[in-house]
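Right, one structure below, let's go through it.
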Amino acid sequence: MAAPHSTMKFWKPGSEAPGVCEERDLCTDTAGSPIIYNPHTALSIEKQRQRLPVFKHRNNILYLLESFQTVVIVGETGSGKSTQIPQYLLEAGWAADGKVIGVTQPRRVAATSVAGRVAEERGAYLGHEVGYSIRFDDCSDPHATRIKFLTDGMLVREMMSDPLLKKYSVIMLDEAHERTLYTDITIGLLKKIQKKRRDLRLIVASATLDAKKFHDFFDLNESGDPNKDTCAILTVEGRTFPVDIFYTVSPVPDYVKATVETVMKIHETEDDGDVLAFLTGQEEVEKVVSMLQEQARTLSRYGMKKHLCVLPMYAGLPYNEQMRVFERMPPTVRKVVVATNIAETSITINGVVFVIDCAFVKLRAYNPRTAIESLIVTPISKASACQRAGRAGRNRAGKCFRLYTEEDFEKLPESTVPEMQRSNLAPVILQLKALGIDNVLRFSFLSPPPAQSMVQALELLYALGGLDQYGRLTDPMGVRMAEFPLSPMFAKMLLESGNFGCSKEIVTIAAMMQIQNIFVAPHNQKKSARERRKFAVAEGDHLTMLNVYEAFIKHQKSSQWCQDHFLNYKGLLRAVAVREQLRHLLNKFKVPRTSSEGDPDVILRCIVSGFFANAARMHHSGSYRTLRDDRELFIHPDSVLYGEKPPKWVVFNEVVQTSKYYMRDVTAVESSWLVELAPHFYKQAKVRRNISSDYELFSCLACANKCAHLK
C-alpha cells in the first residue's frame, strides 16, 4: 500500500505491558441527543416508539409528574427521552386549555432536529402542533403549537414578556448536564418561578453524576421529612453495547497527524464499521479531512476495494453539508466523520463502530483579570472521554482509540467546568436585570460564578451605559440593550448607529457578524484567497463583511454568484433574515434609518462605541497589546488585515487561542476615538462610590482605578 501504515502503538486486548492495560467499558454518551440513530425505521411509527427503552417508564413518568413539582430523569442517550417524554405529556393532557409543553435544548441544532423528528412521529407539519424557537428563527404558532422546542437562551428571553411562563404547564430541560451559561440561568429562574407557580412542572433530563445535585437544588422540602420532597429521581436505561478502550503506549506529539494515521490503520486492518474522529475546531477538521481524502485517493489507485468517504462536521458547516454525515453508505464504502465536540453532545451518527479521541476540546473561557473572553484548546474531562467512547457502542460492540496514555486519562478532571464559571457574564447579568432581579450577586446559581467575573461584567455594562452607578438598569439604553438577542457590545453599537448616521450599514455588519464562515474554503485555496481580496478594504473585517453583503444583494442573492466567489450562500441568506429582525428592533426603538453615504469613519466610530473595551495597540515587537493589561495579541490569519501593513490601533470582536492569542473580526481605529467615545473607560476620573448593602462587590464605580490609560 502506498498509504503509510500507522506508527501509532496502542495496547490491545490480551497484551501485557507494565503500567498500561486495556480498559473495557460500557461508557455511554450522557450528553448527546438521540435525534438521528433509529434502528427500527422499517417499523411503523407507533411500533418504533414502543421499542424505545423509555416506553416502559411512560406511566411512571406521568405518575411522578403528578406527584412532584420536579422530576430529574437520568436518561442515557438512545433511551428516547428527548422525543418521547414531550409526547407522553401531550397525550396525558398536559397541553389542554391552550397550555404549552416547553422543551429546552442547549444547542440550536438539537432543538430544530428533535422538533422535526417529533413532528414527523405525530404526522404534523413542523411549526404547527410541534414547533421550535431558536435565535433569529421562530418556527412555531402561538395559537396552535402545543410542544415547543427552544434553546435555553430563548426561554430566558420569553420570560421578559411572560415572567412566570404562564402559558407553559411543563418545562423539560433536556441535556441539562451540559451546564451551558443559559442552562444554569434557566435553572435558577425556574426555581424562583416554581415558588410562585406550584402548578408548573419541571423535568430535568441529566447525566447520572449530576442527578443528586439537581435534586438537592430543586427540592423545596425544608422539613427533613423525605415524604414531603418536591423532587424525585427516575433512571431510564439506554441502548448501548460494550466498547473496547485502547490507549497509546506513549504521549502523542501531534494528535492531528496521529488521527490520520489511526483512521488509515483502522481502514486497512479492521472489519466493517464507520469511524468518528474528534478534533477541536474547524481548521483541524478541514486539515484532517483534506489529508484523509488524499490518502483515500491513493488507496483507490492501488486497487483497495473498500473505499473511504471522509466528511467534516462542525457547527459552522452549511446545513446541507452537515446532513451528509447521516447518509447511509454503500457496503463497499466506509464513512469517516471528522468532527468537533458537536458530535459528542448534540447528534448521534448511525453506523459508527470506531471512535478516535484526541483528548482536547475548544472551549470558551473568560479571564476576569484581562476582561478577555477567548476560545482555548484544553484537555477534555473524564466525563467527555466517556461520552466520546460511547459513540462507538450504538449499533454493536465498538472500539475507541484514545490518542493519549492511560496515565494521562487519570489526570483529566472528572467533569467540565460549567460555562457559568468560565464565561463573560455581561449578557446574562443584563438579562437578569431586565427580569427585575436587581441583586444578581444573591441570585440562586447552581454553581456560583467567580466574584471577579461578576464585577467585570457589572463594570462593562456600566461603561456601555446599560447600568447606572447604583447597578440599576438604565432606561432607555439598558432596557433596550436587553431586548437584543446579541451581546451587549453589539446591542450598544446598534442603538448608537442612528446618532452616528449609519444605521443601515451597522445593522448589516451586526447581522453578518452572527454568521460563521461566510467565506468557503475550497481545495483551490489560492483562487479562494484572490476572490476574498476583491471584497477586502484597508479598514478591516467589519467593512469587508459590509461589502460582501451589499454585493450579494446587488447580484440578486444569486447562489451561482456565491459559488463563483467562494461564499456561503445559505449563510448569506441567513444574514438577510437576521438583518431584517434587527431592523425591526431598531424601528421599534425609533432609531432613525440613516446611511453613511460612503463615509467609513462614521461606521468605524460607531463600532468603537460598542467595542471600545476590546481595543489593542501595535507594539514595537510587531504584535498587539491590550489596553487593560498589556496582553499580547495577534491578528488572526483569516482577517483581511493579516499580512498587510498593521494599523496602530484596532478593535476586535473576540479572541481565539491556539498557539497564540488571535484577534478575530478586526477593524482599524483612531486612538482619539477611544478617548472621545469612552472617556469613562479610558480616562482617570474620581467617581463617587456608592456602596449599598446589595452591592458590596459592585466596584465598577471605581473602574477608573482599574482601566488602562492611552499611552
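Structural remarks
- Of all residues in the range 110-134 being in a helix (DSSP H, G or I) and touching a helix residue (DSSP H, G or I) at 6+ places or on another chain (Cβ under 7 Å), the one that is farthest from I342 (Cα to Cα): E121
- Condition broken by Q452, with the remaining ones in (1) part of a helix (DSSP H, G or I); (2) under 18 Å from R157 (Cβ atoms); (3) polar (S, T, N, Q) satisfied: (2)
- Any hit, the range 659-674, residues being hydroxyl-bearing (S, T, Y), within 24 Å of E459 (Cβ to Cβ) and surrounded by fewer than 17 Cβ atoms within 10 Å (Cβ to Cβ): yes
- Taking helices (runs of 4 or more DSSP H) as the structural unit, those lying wholly within the range 520-633 and holding at least 3 residues that are free of Cβ contacts under 8 Å to residues at least 24 places away in the same chain correspond to 525-533, 541-554, 559-564, 569-588.
- Meets criteria (out of contact with any His (no Cβ under 8 Å at 6 or more places or on another chain), hydrophobic (A, V, I, L, M, F, W, C), loosely packed, with under 15 Cβ neighbours inside 10 Å and modelled with pLDDT under 50) for A685: yes
- Pair list, Cβ < 7 Å and 6+ apart or interchain, from the range 301-322 residues that are assigned by TED's automatic domain parsing to the domain that holds Q282 and outside any helix (DSSP H, G or I) to residues that are buried (at least 16 other Cβ atoms within 10 Å of the Cβ) and small (G, A, S): H307/A296; L308/A296; V310/A296; M313/A339; M313/A343; Y314/A339; P318/G571
- Count of the range 358-380 residues which are in a strand (DSSP E or B) and over 26 Å from V114 (Cα atoms): 12
- If you go through the range 508-539 and keep only what is in contact with an Asp or Glu (Cβ under 8 Å, 6 or more places away or on another chain) and either modelled with pLDDT of 90 or more or exposed (fewer than 14 other Cβ atoms within 10 Å of the Cβ) (or both), you end up with T508, M513, A538.
- Per the listing E91, E121, E158, the residue uniquely charged (D, E, K, R) and closer than 22 Å to R198 by Cβ is E158.
- Of all residues assigned to the range 320-330, at least one qualifies as being crowded, with 21+ Cβ neighbours inside 10 Å and either hydroxyl-bearing (S, T, Y) or modelled with pLDDT under 95 (or both).
- Of all the criteria given as (1) at pLDDT 95 or above; (2) under 22 Å from the mean Cα position of the chain (by Cα), the one not satisfied by Y168 is (2).
- Set A397, A365: member being in contact with a Leu (Cβ under 8 Å, 6 or more places away or on another chain) and either touching a residue at least 40 places away in the same chain (Cβ under 8 Å) or not assigned by TED's automatic domain parsing to the domain that holds Q456 (or both): A365
- L150 assigned by TED's automatic domain parsing to the domain that holds A110, part of a loop (DSSP other than H, G, I, E, B) and modelled with pLDDT of 95 or more: no
- Count - residues of the range 218-246 that are under 28 Å from K56 (Cα atoms), in contact (Cβ under 8 Å) with a residue 24 or more places away in the chain and either part of a helix (DSSP H, G or I) or aromatic (F, W, Y) (or both): 2
- Out of V285, V337, V289, sole residue that is under 18 Å from R388 (Cα atoms) and assigned to a helix (DSSP H, G or I): V285
The values are calculated or read from the model by the stated rules, or taken from the named source; none is laboratory data. Predicted model only: the values in this text are computed from it and were never measured. Note: ideal-geometry Cβ built from the backbone for every residue, glycine included; neighbour counts use all protein chains shown.
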